[in-house]
Every structure is written in structure tokens, then in C-alpha cells.
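Undergrad: Got a structure here, written out as C-alpha cells. Questions coming.
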Amino acid sequence: MCGIVGYIGEEQAAPILIEGLRRLEYRGYDSAGIAVKGDEISVIKEKGRIDNLQKSVKEENPCGTVGIGHTRWATHGIPDKSNAHPHKSQNGIVTLVHNGIIENYLEIKDELIKKGYEFKSETDTEVIAQLFDFFFDGDAVDTMIEVSQRLEGSYAVAMLVKGEGDKVFAMKKDSPLIVGKGKNENYLASDIPALLPYTNECYIVNDGEFIEIGKDSITVYDKSREKKNAEIKKVNLSVDDAEKGGYDCFMEKEIYEQPKAVKDTVSPLIKNGKIQLPFKFPEGFVKNLQRIYIVACGSAYHVGMTAKYIIEDMARIPVTVDIASEFRYRNPIIEKGDLCIFISQSGETADTLASLREAKKRGAFTLSIVNVMFSTIARESDGVIYTNAGAEIAVATTKAFSAQLGVSYVLASYLSYEKGCVSESELKEFTDEILSLPEKIQSALNTDEKTAQLAKSVSQKEHMFFIGRGIDYPLCLEGSLKLKEISYIHCEGYGAGELKHGTISLVEEGTIVAAVATDDALYGKMLSNIKEVHARGAYVIAVVKEGAKGIEQAADEVIYIPDASRFLTPSLTVVPLQLLAYHTTVLRGCDVDKPRNLAKSVTVE
């Protein structure tokens, strides 16, 4: 979950490293540091945000055209300077940064202490540095291969090695790493946004590869030290994708980018009322399909829950939705002929990736829905549908969530048609409505003023509930997650029918309850649930479709979204819930884009 950058070229490395870390700060902001190689290797690191590091860098002014940097999301050891990266080995042989978790670090640490090594941090990362020091034989690549054979867990490591000239070395297993190709200079990063100001030509490092980077060379080795071809790919992103563009924060910008994100995602998949998937299922696969698993984490899991309602209703195929961290350990019943769908914005989510690999072992057809091209989950899946949402920088997802919903609608349409559950004319009617979503999402953004007004009340509270039924229930979970993760208000999402089974005991005078009631088939029941909490003193904010009857008498405040068919309303419902979380967070003075203890890409368990 940490962010790594590296540079080698003809420019001073420090400013480039700082800029790269700023673009990766969403991956961790507990501490940060850089190492610059000049006559000696200068290491500068600070607790907290990149601003703190930049001040120290200006004061010390390290000179050199080779360097590495790191922004940390703490796992092993508290966030302080001693645990911040880079870490240097005892004898100064290697200076390195690391993203991932070394699971057997205590065992290795004990061995090295017995051999006379002293440790200065609580991190698992320092073990890599000291182990490299112990094995170093004068050749960095040979030593990396030796070290990798002792490590258990995940890692992306970038290092500077004494006596190896002006080079950056790297190795990777289960954590993302990208090499950027420039002219008389090369780069290294955990994610593409760090590279965008300098190059869009990249090499995506594979697991088990060892990299040696010079200013004019990128050399890739496998574990047998055989050289491999470094296939350079062009990334279709621009610097603007990683800039705020006049908005106060990335989250606000990304909320307003949702109409475009959904349009760019669904339009290439629908032609003349028919679905054109960018991959092919095996012959006869869909007609014989009896079971679907959807596996994801966080907001992507809520997309999966929503997709379950739609696919089961439209295509009549049983769907099981799993949290990836549970799926990978519960010995799931997967057979050849099953479809397993994996949803991940980054395409690097550790638990989701492990679940994908488990499903592949058991013979399922694996399909991924991801936003980042060439990501590990995308590359390892049998089929992939990219969400063309562009770079998403805010930790709390908004436009990627909406783009994932768009893909879910398209996929449900395809499966229902191939299964013979809808006619060609019904398919065209539904796909036409999918194509109209961007315009309706744009209209839903008109709830901004209303949600800003309601946020004044919400921001004063420390507890809140979201309730809904049917397809509204997953959106309540998502609305609750958005609010709690960035405003730090404790809130929960519940199926409204469950209120009487315990939860209503928590409702008291002044409790704010957001009631989502867009499912026409369950609207009457939702009115009853609203009245139940209102009778116990709740202040009710209702989210309903335009034209809803009786709601203004039942709720204290009403947010209206554009009318749409039942299965497409989630794309509209989520907009005011996102805006409410955003405005509430601003009023509470919290950091909207970088909530405490969180990071954008969860690449560790």
C-alpha cells in the first residue's frame, strides 16, 4: 500500500522524487523519505506528509542524479522517522524502499541478529536490507535472486547498491511496480500517476523479475539470471488525469467526472443495441452457466452485491458475492464451468488477486473488472473489462464505483440475452437506457446544493444510519462507507426490514437516518420503515425518485433523483450519498482525499 518512486538520468533526482511521491501520496502518508546517490548516498526522511519531507530536502539539498523515494502506510512499526523508508543496511551496502509485507521477517531477523546484525527499526523492510548485506557478493542482481529465495510474503523493492555505479535495482512479487522509459533517463514507480509528467511509456514488472535500470537501459532478469525482453507499453492517460483541475480536492473532481467515466466505460461495449464484450467466453459457456461468484473488497464489493440483484433477476443465474479476504480462505465450492468475476479499481488488490488465483486453480473462467490497464488482476484473468474512469486519486472511490456499476449493467444484459431470458427488442430497450445514464447522472449532480445544506446537520453528529430494501440495500452500505471513511462519523447501513431485529434499539431522539427508497416494488414497505424510525425520534433524510408519493409527509428532508428503471437507479442514488459525505467531511475539517489510516490501493493483507 506504500508508494515507491525511482529516478536515474541527467537531472537532479530530489525534486523529481518529491513530485513523484506527491502523486503517490494516496498510497500512504504516515511518513516519507528519499535517498539520493551522489558521492555518497544521502537519506532524508520525515514523519507525516510529503510537505514535511520537502522542507527537510530543501534544507539539506542532496545532490545526485540517481535516487529512490517512498511514502509509507504503516504496517510493522509506528509511523515515525526510524520506521520510515529508505532503510540502509548495517554496512551501508544497500539502501532500499519496500511495498508489501515480509511474513517470515521475525525468523530472518533472529538469524541475522545472531550473526551480529543490529536493527534500527521495527519494520519488516529492514530485514531485506540486512539480508541483502549478508548475501552481497559484489553483484546486485545475483544478490537479489538469493535474497528473494528467503523471503515469504509480498514485495516491490527498489534499491541503490554501493559499488554498482549509477543504477537503480528492483525486484517484485505480488506488489505493483512499473518502470517508465524516458530519453536519457528512466523511472520507477508503484503506480502510473507518478510517471505521467515525464513519460507514458512503461514496462510492467512481473512477479519473479529482477530489474537493473541505467539512464539509457532497462534490463530484466528472471530467477535463473536469464535476460528477458522488456516489452514497453504506452499508457493512455494524461497529466490532467492526476491534477485537480480547479476543484478543491480530487474527490470533488472525481464525483463530477462520473458522467464522463460512465459514458467512456459503457459506450464501447454497446453497438446498435447489442453487447460487444472485449473478450470471448468459451463456446457454449454462457448457455451452460449455472453459477457465478463475484469477489471484491470495500466499495467494489457493494458493486458486486448490486450486480447480484440484477444478474439473478435478469439472467436467472445464481450469484454468490464474497468479500475477497473471506473467499480465499473458506475453501469455496468452485468447479469448471463456473464464472468468477473479480472487481478491483487498482487491479492490484492483494486479497482479490489471491482469490483470482485460487479460482483459476479450480478451473473457473475468471473475468476481471478493473480500472488500471496492464494491472496484475487484468493480466491474469481469462477475460477483462476495463472501466475507463481515468486515474482516480482520492482514497474514497466515486467515479470508479460508478464505472464498475456500468459494466455490471452491461454484463447482466449480455448474460440475460445469451441465456434467452430477454428478447432482442428488450435488450435494445435496456441498453438504450444504459447509454442514457451519463445524462441522468449529470442531473443527479444537481443535488449538490441540497446535500451541502443537509451536511450542516449531519456534520454535528457522531452516529448515523442508512436503511434501504432490495437493490437500495447495497447503496446504503456504500453511502455508509463513504461517510465513515472520510468524515469519521460512525455510521452503518442496514436492510430496512432488519430494523425490528435489534438495530432500532439504537434509534433515539435526533438520530439521523438516511432512507433510500427508489425500488418501486418495495416503496410501500420503505414508507412503513421510515415511519417506524420517525416515531422513535429519528430525523429522516429520504432519497427517492422524482414523483415519489407520500414521502414528504413521512420524511423530514427529501432528496430527489431522476427517474430510471429499478436496476439502473443505483448509479443515480449513489451521487447524493457521495456528495453528502464530501460536504460533511469538509465541514468537519477532515482531509477529504487522504483519510486517516487508509490508502488507495490495498496491496497487503
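The values are calculated or read from the model by the stated rules, or taken from the named source; none is laboratory data. This is a predicted model, so every value here is computed, not measured. For neighbour counting, all protein chains shown are included, and Cβ atoms are generated from backbone atoms with ideal geometry for every residue, glycine included. When the accessible area is computed, the model is the full protein with side chains, heavy atoms only, and any ligands, DNA or RNA have been set aside. Shrake-Rupley method; radii C 1.70, N 1.55, O 1.52, S 1.80 Å.
Undergrad: Name the pairs whose Cβ atoms lie under 8 Å apart, with the first residue in the stretch 165-190 and more than 23 Å from Gly38 (Cβ to Cβ) and touching a residue at least 12 places away in the same chain (Cβ under 8 Å), the second acidic (Asp, Glu) and open to solvent by 10 Å² or more (accessible area, probe 1.4 Å), and 6 or more positions between them or separate chains?
TA: The qualifying pairs are Lys172/Asp207; Lys173/Asp207; Asp174/Asp207; Ser175/Glu348; Pro176/Asp191; Pro176/Glu348; Ile178/Asp191; Lys181/Glu201.
Conditions tested, residue by residue: (1) of a type in the set (A, V, I, L, M); (2) at negative phi.
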{"position": "Ile232", "(1), (2)": "yes, yes"}
{"position": "Gly246", "(1), (2)": "no, no"}
{"position": "Pro259", "(1), (2)": "no, yes"}
{"position": "Leu269", "(1), (2)": "yes, yes"}
{"position": "Pro278", "(1), (2)": "no, yes"}
{"position": "Tyr293", "(1), (2)": "no, yes"}
{"position": "Ser299", "(1), (2)": "no, yes"}
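Undergrad: Give the residues of the stretch 470-492 that are touching a Pro at 6+ places or on another chain (Cβ under 9 Å) and farther than 16 Å from Gly298 by Cβ, sorted by residue number. Walk me through it before giving the result.
TA: Step one: filter the stretch 470-492 for residues touching a Pro at 6+ places or on another chain (Cβ under 9 Å), giving 471-472, 474-475, 478-479, 485-488.
Once the filter is applied, which keeps residues that are touching a Pro at 6+ places or on another chain (Cβ under 9 Å) and farther than 16 Å from Gly298 by Cβ, the stretch 470-492 yields Ile471, Asp472, Ser487, Tyr488.
Matching residues to (1) under 29 Å from Thr349 (Cα atoms); (2) surrounded by fewer than 24 Cβ atoms within 10 Å (Cβ to Cβ):
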| residue | (1), (2) |
| --- | --- |
| Gly6 | yes, no |
| Gly9 | no, yes |
| Ala14 | no, no |
| Ile18 | yes, yes |
| Arg22 | yes, yes |
| Ser31 | yes, no |
| Ile34 | yes, no |
| Asp51 | yes, yes |
| Glu59 | no, yes |
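Undergrad: Here's something else I'd like to know. Residues of the stretch 240-292 being under 21 Å from Gly363 (Cβ atoms) and open to solvent by 50 Å² or more (accessible area, probe 1.4 Å), which ones?
TA: Across the stretch 240-292, the qualifying residues are Lys280, Pro282, Glu283, Lys287, Asn288, Gln290, Arg291.
Undergrad: Go through (1) open to solvent by 10 Å² or more (accessible area, probe 1.4 Å); (2) farther than 17 Å from Leu580 by Cβ; (3) hydroxyl-bearing (Ser, Thr, Tyr) and name the single condition Tyr409 misses.
TA: (1)
Undergrad: Does Gly550 satisfy being surrounded by fewer than 24 Cβ atoms within 10 Å (Cβ to Cβ), among the small types (Gly, Ala, Ser) and out of contact with any helix residue (DSSP H, G or I) (no Cβ under 8 Å at 6 or more places or on another chain)?
TA: Answer is no for this residue.
Undergrad: Out of the stretch 41-66, which residues are farther than 27 Å from Lys109 by Cβ and either assigned to a strand (DSSP E or B) or of a type in the set (D, E, K, R) (or both)?
TA: Answer for the stretch 41-66, where residues must be farther than 27 Å from Lys109 by Cβ and either assigned to a strand (DSSP E or B) or of a type in the set (D, E, K, R) (or both): Arg49, Asp51, Lys55, Lys58, Glu59, Glu60, Val66.
Undergrad: Right, something else. Given the conditions (1) crowded, with 20+ Cβ neighbours inside 10 Å; (2) touching a Leu at 6+ places or on another chain (Cβ under 8 Å); (3) under 25 Å from Val147 (Cα atoms), report the number of the one that Gly100 does not fulfil.
TA: Against the list (1) crowded, with 20+ Cβ neighbours inside 10 Å; (2) touching a Leu at 6+ places or on another chain (Cβ under 8 Å); (3) under 25 Å from Val147 (Cα atoms), Gly100 comes up short only on (2).
Undergrad: I would also like to ask the following. Just to be sure before I move on: is Tyr560 surrounded by 21 or more Cβ atoms within 10 Å (Cβ to Cβ), modelled with pLDDT of 95 or more and out of contact with any Leu (no Cβ under 9 Å at 6 or more places or on another chain) in the structure I sent?
TA: Details: surrounded by 21 or more Cβ atoms within 10 Å (Cβ to Cβ): no; modelled with pLDDT of 95 or more: yes; out of contact with any Leu (no Cβ under 9 Å at 6 or more places or on another chain): yes.
So Tyr560 does not fit the description; no.
Undergrad: Let me ask another. Working only within the stretch 529-544, note down all residues that are open to solvent by 10 Å² or more (accessible area, probe 1.4 Å) and touching a residue at least 24 places away in the same chain (Cβ under 8 Å).
TA: Those that are open to solvent by 10 Å² or more (accessible area, probe 1.4 Å) and touching a residue at least 24 places away in the same chain (Cβ under 8 Å): Glu532, Arg536, Gly537, Tyr539.
Undergrad: Right, another one. Do we find that Ile68 is closer than 18 Å to Glu164 by Cβ, open to solvent by 10 Å² or more (accessible area, probe 1.4 Å) and in contact with a helix residue (DSSP H, G or I) (Cβ under 9 Å, 6 or more places away or on another chain) in this structure?
TA: no
Undergrad: If you don't mind, another one. Determine whether the stretch 334-344 contains at least one residue that is among the charged types (D, E, K, R), within 17 Å of Val384 (Cα to Cα) and crowded, with 19+ Cβ neighbours inside 10 Å.
TA: Step one: of the stretch 334-344, the residues among the charged types (D, E, K, R) are 335-336, 338.
This time we only want the ones that are within 17 Å of Val384 (Cα to Cα), so: 338.
From what's left, crowded, with 19+ Cβ neighbours inside 10 Å: 338.
Looking for residues that are among the charged types (D, E, K, R), within 17 Å of Val384 (Cα to Cα) and crowded, with 19+ Cβ neighbours inside 10 Å, one finds at least one in the stretch 334-344, hence yes.
Undergrad: A further question on this structure: Working carefully through the options Val384, Val295, Val321, find the one that is of a type outside the set (Asp, Glu), touching a residue at least 60 places away in the same chain (Cβ under 8 Å), open to solvent by 20 Å² or more (accessible area, probe 1.4 Å) and in a strand (DSSP E or B).
TA: Val384
Undergrad: Counting only residues that are among the basic types (Lys, Arg) and assigned to a helix (DSSP H, G or I), which one in the stretch 1-40 is farthest from Ile78 (Cα to Cα)?
TA: Among those residues, the one meeting the criterion is Arg23.
Undergrad: Shifting gears a bit: Quick check on my filter: what residues within the stretch 298-310 are in contact with a Phe, Trp or Tyr (Cβ under 7 Å, 6 or more places away or on another chain) and either closer than 18 Å to Gln345 by Cα or open to solvent by 30 Å² or more (accessible area, probe 1.4 Å) (or both)?
TA: Ser299, Val303
Undergrad: Scanning for something open to solvent by less than 60 Å² (accessible area, probe 1.4 Å), touching a strand residue (DSSP E or B) at 6+ places or on another chain (Cβ under 8 Å) and under 20 Å from Ala452 (Cβ atoms), does the stretch 516-528 turn up at least one residue?
TA: yes
Undergrad: Checking Glu492 against (1) touching a helix residue (DSSP H, G or I) at 6+ places or on another chain (Cβ under 6 Å); (2) open to solvent by less than 10 Å² (accessible area, probe 1.4 Å), which test does it fail?
TA: Glu492 satisfies every listed condition except (2).
Undergrad: Select from the stretch 324-334 the residues that are at pLDDT 90 or above and assigned to a loop (DSSP other than H, G, I, E, B) and list them in ascending order. Before the answer, list the steps.
TA: At the first step, the residues of the stretch 324-334 found to be at pLDDT 90 or above are 324-327, 333-334.
Scanning the stretch 324-334 gives Ile333, Ile334.
Undergrad: For the stretch 387-421, give me each residue that is in a helix (DSSP H, G or I) and under 14 Å from the mean Cα position of the chain (by Cα). It would help to see each step written out before you state the result.
TA: Step one: of the stretch 387-421, the residues in a helix (DSSP H, G or I) are 399-418.
Answer for the stretch 387-421, where residues must be in a helix (DSSP H, G or I) and under 14 Å from the mean Cα position of the chain (by Cα): Lys399, Ala400, Phe401, Ser402, Ala403, Gln404.
Undergrad: Residues in the stretch 433-479 that are surrounded by fewer than 23 Cβ atoms within 10 Å (Cβ to Cβ), part of a strand (DSSP E or B) and under 25 Å from the mean Cα position of the chain (by Cα): how many?
TA: 0
Undergrad: Go through Lys47, Lys55 for me and flag whichever is open to solvent by 10 Å² or more (accessible area, probe 1.4 Å), more than 20 Å from Asn99 (Cα to Cα), over 22 Å from the mean Cα position of the chain (by Cα) and of a type outside the set (Phe, Trp, Tyr).
TA: Lys55
Undergrad: Could we say that Phe132 is crowded, with 22+ Cβ neighbours inside 10 Å, closer than 21 Å to Gly214 by Cβ and under 30 Å from the mean Cα position of the chain (by Cα) here?
TA: no
Undergrad: Related question: Are any residues in the stretch 564-573 of a type outside the set (Val, Ile, Thr) and either touching a Leu at 6+ places or on another chain (Cβ under 7 Å) or modelled with pLDDT of 95 or more (or both), and if so, which ones?
TA: Selection gives Ala564, Leu568, Pro570, Ser571, Leu572.
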